[in-house]
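Everything below concerns the one structure shown next.
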Amino acid sequence: MGRLFTPMTRGKKRFSAVTALIVAGVFLTLPIILSVTALAGGGGGGASGPPAEVLEQRKAAAAAAAAAGETVEGEEVKIETGRDVYYKTEGPAVGMPAPITADNETFYPRYNFESRVLLWVANQQHLYYGSFVLAVPIFCMCIELAGMISKDKAMAKKYDQLAYDFIRISLTAYSLTAILGGILIFTFLTLYPAFFGYLSSIFRPVMHIYALTFVAESGVLYIYYYGWDKMREGVLKWVHLSMCVILNVIGTVLMFLANSWIAFMMSPAGVDEQGRYLGNIWHVLHTALWNPLNVHRILGNMAFGGGVVAAYAAYRFLSSTTDEERAHYDWMGYIAMSLGVAFLIPLPFAGYWLMREVYAYRQQMGITLMGGLLAWLFIIQATMIGILFLTTNYYLWQALGRMTGGERFQKYIKYLVFILVVGLLVFITPHTIVMSPAELKAMGGQQHPVLGNYGVMSAKNGGINAIIMTTILSFIWYQRGNKVPTVSWSKFGNIFMGVFFIVAQINNIFLACYGYFIPANVRIGLSVPQVAGTLSCLLLMTPLNLAMLKGGRELGPIKWGQIPPRSQYAIIMLATAFTWMMGLMGYIRSSVRLFWHVNEVMRDNSPWAYTHTIGFAANVISFNVLFFWISIMFVFWLGTLGAKKVAVSKPVSDPVPAGASPQPAAGH
Amino acid sequence: MTWLKLVEGYMPMQMITELAVCILFFSICNYLLKKAGIGVPKFWAGILVWCFINLFYLKYRIYPPIPFSVRAIYGTVSACGIFMWVSGSQEEWLEFKRPIISVLDANNAFTKVLRTALLLLLPLGLGAFAYSSLLPSFDEPIELRTVHPAPPATTKVHGKTYVLQTAQQPYRIDTEGKYDPAYSNAHIVDQSMGRLMKDVNSSEDNPWDPNAKGYIKHVREGGEIFFQNCHFCHGDNLNGRGLWAFAFNPIPANFTDAGTIAQLQETFVFWRVAKGGIGLPGEGFPWASVMPPWEQHLTVDEIWKVIMFEYWHTGYYPRTWD
């Protein structure tokens, strides 16, 4: 729509842009203003006492009791207090206790189907789309900024077009997110009314803030998208980018609020043992696992969003009929995948922090996750992580093929394959092996004397760090694909980089072995120098490589679009693995509560308060993944309807002409 | 292939090193053959490497035998690795699939026969596989045992409640009688092969020294309790191979393995010893443990002491969360 507008004068454009920014700012502050009003009205309550209406009710009840002769004249109305289950502070018991449910239609109305699975599917679909639409604007922000600061006009235009392509995809997905959110709430209300009623009573002060934040997100998103053309140049472009920043701030707040609910269910705070709200909303929000979950989810969303956009590009690449289209979508897939992988690398460390906090919160929860009932699901997760890294490496090796000079690295691939495969085998070797009693007897015990050593954390840290380091090396090779460093110190630089990688890998393997000979608390600390070695490879070697390549001799152009289709299938696999892993980890996180709706506060008395078998869980996760990809294909297809066809011209080599990319439609 | 020893203490790295040496050897051989103009085609090289790793090395070199589920995982991952290798570059991929395309195209008599044979054998093989899968089996079912289920938050032993996350081993003390894990960690047996005592002449390292006191004296008391009660199943070397061990399946826990007590908090072991197999929670399916609830036979002090002996003897440190 934005691109059909008739040309406006510069002054008018500026006025529109500033107005739009103000509107966006108002949208941003609206929930805060309203929340202050709500909290002042008793929603939050603070620690000072129950809200006025509650006191009034209690006074009225006391008066009625006095009238009936049950109290002594002059007795004060007694305010019951409770002790916070987490913060251990005293507070007025403002809320009602958590309902004690029973297996009947009142507490758990049901269809002739397992309610938990229905809720699971609704929740997961909402989460997939929510993650996607929260991640994409962050990419847009980065890409738009890259375009704005780029001195190369053609590249700037390309980046701008790419950012626009990204946001266009997410817009349809945004509508679906809202629809799925509605379905989720209806599912809660119809199948788990008692639980949802309790949860909403606890989060009452922020429930509407959440809804208003969603409205604000929508408003800013639409202004950002439809204002793209009007704010294309000069200061207006910066205004446009600012709106994207606002959009992301709102999106992050939105996600943090949603995270607080699941964090509360896992590690409740701000309530007493009976589940009564103690008047401090910050305690309810700021539970033991809230922040680790927030960080983990931001990174996870980014990696997932990058994967989905890359899959879109791969799909468009495979269905392209012209060289120009192939070149554009090859480049788009590369950018999206790079962004996704950039957030994938720190993701295991954020996950490590989350698990550490889980152990600190409840040891049993940690053991159930990592060593007990759900441990095998973590082996599946490790396998998925391995697939992600292996696929990333594979894509980079394929991408070397589109560069003149890339072939000089390809002959060494087999050595990288060996390190990756050995690292992965160690990483996924289970501690608890699936075996028949006969195999158990033949093995002579529960632990295998050789492989059993791979089943514990020390070896696994070594395995995953070896994989990540190899991925970084692949990336450095990719950066060098068609370039040769010409700086005077290039020989020294190459030797230094080689030695650095070898030392980092030796350090990693040595610490993995040394971990068996030291106390557990020291062993856990060993992960720090291991990770430091890996991150040093990433944060020191990559810039060093770029510095060496600055002004380097080009062996030839990057032939965008001339990459084997296998690479695009690898991208699709990468995105599918992201999706599957998200579904799996969501299930693990949720099922660790075992038979609690809210851990140790509200018990789940439904007939489904048991842990599913691994096979059943895997099937539901696969169904969710399939459903998501079918629906997102629909979204992609809608995206193609909105794109103009590009006239076929000459074959494309580096760089991709800006105008060669498919132009967006006149409206969404 | 037990004649070629796996050296205890070095087995995990030995396996990886052996595999790396074998792969390097194959690479060198192939390089030399290529130089001589008779290099192994990529298709067969891939198949040979996979067969070597999975059908020879993992099956016959590593002992005791690796359960099928793990070999299946390793087989799949190594197949993926080999695919990545043979398709790493477009030229290699073309070289790899050349024999496959050649058979499918069937441009000569040999490939025609081969293609016909494959097209006949492939469905027949799949049919045979489906048939054998559907045949009733009398094997014991495969089990996924939860060896270390999550413990309860608290456990009550001899009338006293212990919070497992915060309880402390009362005998892990220094010479002055203060709780000091660092002190006891410094006086466990040597970590290297053989796990010998650090200094047999020291009253701080030798539990049998008449002047031993504090931590190391309690280790001796724990050892006495162990040999009176536990070694029949867990073995005099604490490796789960006691006199009665092979009457059970699984055999009792091997404390010298890095995956048992080395991974656990002392309070977890205390709970398991006190409550035994019968006290395993629902999560501990299929509850394959015949250990008696030792709280019926030992005092709380005796349980703590025997646990300390187990850590001292194996050279492992109990897990802590700080």
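The values are calculated or read from the model by the stated rules, or taken from the named source; none is laboratory data. Please read these numbers as outputs of a predicted model, since none were measured by experiment. Every residue, glycine among them, receives a Cβ derived from its backbone with ideal geometry; neighbour counts consider all protein chains shown. To get the accessible areas, we keep the full protein, side chains included, count just its heavy atoms, and leave off ligands, DNA and RNA. Shrake-Rupley method; radii C 1.70, N 1.55, O 1.52, S 1.80 Å.
Using a Förster radius of 25 Å, what is the FRET efficiency between residue A:506 and residue B:4 based on their Cβ-Cβ separation? Nearest 0.05, please.
0.40
Computed from the C-beta positions of residue A:404 and residue A:544, the FRET efficiency with R₀ = 25 Å rounds to 0.60.
For region B:154-314, what number results from the quotient of the Cα radius of gyration and 2.2 N^0.38 Å? Kindly include the intermediate steps, with their values, before the conclusion.
Values: Rg = 15.6 Å, N = 161, 2.2 N^0.38 = 15.2 Å.
Computed over Cα atoms of region B:154-314, the ratio equals 1.03.
What is the local net charge at residue B:149, summed over the other residues whose Cβ is closer than 13 Å to its Cβ (Lys, Arg +1; Asp, Glu -1)?
It works out to a net charge of +2.
The residue B:213 and residue B:156 beta-carbon pair, evaluated with R₀ = 35 Å, returns a calculated FRET efficiency of approximately 0.65. Counting Lys and Arg as +1 and Asp and Glu as -1 over every other residue whose Cβ lies under 13 Å from the Cβ of residue A:545, the net charge comes to +3. Take every Cα pair under 8 Å whose residues are at least 6 apart in sequence, average their separation, divide by the length of chain B, and the relative contact order is 14 percent. With springs connecting C-alpha atoms under 10 Å apart, model chain B as a Gaussian network and identify which of B:135, B:24, B:118 has the largest mean-square fluctuation. It is B:135. Sorting B:202, B:132 by solvent-accessible area of protein heavy atoms yields B:132, B:202, largest first, with a 1.4 Å probe. Distant-in-sequence amide contacts of residue B:173, defined by a placed amide H-H separation under 5 Å and a gap of 5 or more residues or a different chain, comprise B:180, B:215. In region A:403-557, the inverse of the mean reciprocal separation of distinct Cα atoms equals 17.6 Å; this is its Kirkwood hydrodynamic radius.
On average, how many beta carbons from a partner chain sit within 10 Å of the beta carbon of a residue in B:9-21? Please list the in-between numbers first.
Values: counts 3, 1, 6, 12, 5, 1, 6, 7, 0, 0, 4, 4, 0.
Taking all residues of B:9-21 together, the mean is 4.
Can you give the local net charge around residue B:103? Use residues other than it whose beta-carbon is closer than 12 angstrom to its beta-carbon, Lys and Arg +1, Asp and Glu -1. Summing Lys and Arg as +1 and Asp and Glu as -1 gives +3. Counts of other chain beta carbons within 10 angstrom of each beta carbon in peptide A:357-363 average 3.
Using a cutoff of 8 angstrom between alpha carbon atoms and counting only pairs six or more residues apart, the relative contact order for region B:154-314 works out to 23 percent. Taking Cα atoms only, the orientation of helix B:215-229 departs from the longest principal axis of chain B by about 70 degrees.
The alpha carbons of chain A give a radius of gyration and a Dmax of 27.9, 98 Å, in that order.
Pairs of Cα atoms in region B:5-164 fall into 10 Å distance bins, from 0 up to the last occupied one, in shares of 8, 21, 27, 21, 12, 5, 4, 2, 0 percent.
For the residue pairs A:491/A:550; B:34/B:59; A:559/B:42; A:483/A:559; B:275/B:305; B:160/B:217, the alpha carbons lie more than 18 Å apart in B:34/B:59; A:559/B:42; B:160/B:217. Geometric descriptor of region B:267-322, per residue, is 104 Å³ (volume of the convex hull of the Cα atoms). Extension gain for residue B:142 to residue B:13 (0.36 nm times residue separation, less C-alpha to C-alpha distance): 43.5 nm.
Ranked by solvent-accessible area (1.4 Å probe, protein heavy atoms only, all chains present), the residues A:594, B:121 order from largest to smallest as B:121, A:594.
Tell me, how many Å apart are the Cα centres for region B:100-154 and for region A:623-643? For region B:100-154 versus region A:623-643, the Cα centre distance is 34 Å.
Applying both filters, DSSP loop and at most 14 other Cβ atoms within 10 Å, to the GluC sites (Glu not before Pro) of region B:55-162 eliminates every site.
Calculate the tail of P(r) for region B:11-105: the fraction of all Cα-Cα distances greater than 17 Å, expressed in %.
Values: 2584 of 4465 pairs.
It works out to 58 percent of all Cα pairs.
A probe of 1.4 angstrom, applied to the heavy atoms of all protein chains, finds residue A:633 with accessible area near 80 square angstrom.
Taking every residue in A:382-389 and counting other chain Cβ atoms within 10 Å of its Cβ, the average works out to 1. For chain A, the membrane-span-like helices by this rule, meaning whole DSSP H stretches whose C-alpha atoms cover at least 30 Å of axis and whose Kyte-Doolittle mean is 0.0 or above, are A:10-40, A:115-149, A:153-191, A:204-226, A:234-266, A:290-318, A:323-344, A:375-400, A:457-480, A:490-514, A:565-591, A:614-641; this says nothing about an actual membrane.
Wrap a convex hull around the Cα atoms of region A:456-535, take a quarter of its surface area, and give that in square nanometres.
On the way: hull surface 21.7 nm².
Orientation-averaged projected area of the Cα hull: 5.4 nm².
Once all protein chains are placed together, residue B:51 keeps about 40 Å² accessible to a 1.4 angstrom probe. Residue A:603 contributes an accessible area of around 110 Å² to the protein surface, as traced by a 1.4 Å probe with all chains present.
Compared with the direct C-alpha span, the chain from residue B:182 to residue B:25 gains 51.9 nm at full extension, assuming 0.36 nm per residue. Residues of region B:91-109 with amide nitrogen under 14 Å from the 7 Å Cα-to-Cβ point of residue B:116? B:106-109, by backbone N distance to the label point. Taking trypsin sites (Lys or Arg not before Pro) across region A:126-196, the ones in a DSSP loop with at most 16 further Cβ atoms lying within 10 angstrom of their Cβ are A:151.
Put simply, when B:170-177, A:546-553 are sorted by average Cβ atoms within 10 angstrom per residue, most first, you get B:170-177, A:546-553.
In the full protein context, the protein assembly as shown carries 45 Å² of accessible surface per residue, based on a 1.4 Å probe and ignoring ligands, DNA and RNA. Placing +1 on the Cβ of every Lys and Arg and -1 on the Cβ of every Asp and Glu, with no other charges, gives chain B a dipole of roughly 1240 debye about its Cα centre.
Mean-square fluctuations from a GNM of chain B, with a 10 angstrom spring cutoff on Cα atoms, peak among B:55, B:264, B:134 at B:134.
The residues B:138, B:226, sorted by heavy-atom accessible surface at 1.4 Å with ligands and nucleic acids left out, run B:138, B:226 from largest to smallest. Treating each Cα of region A:112-243 as one equal point scatterer and applying the Debye formula with no solvent, the log10 of I(q)/I(0) at q = 0.11, 0.17, 0.20, 0.22 Å⁻¹ comes out as -0.52, -0.91, -1.12, -1.27.
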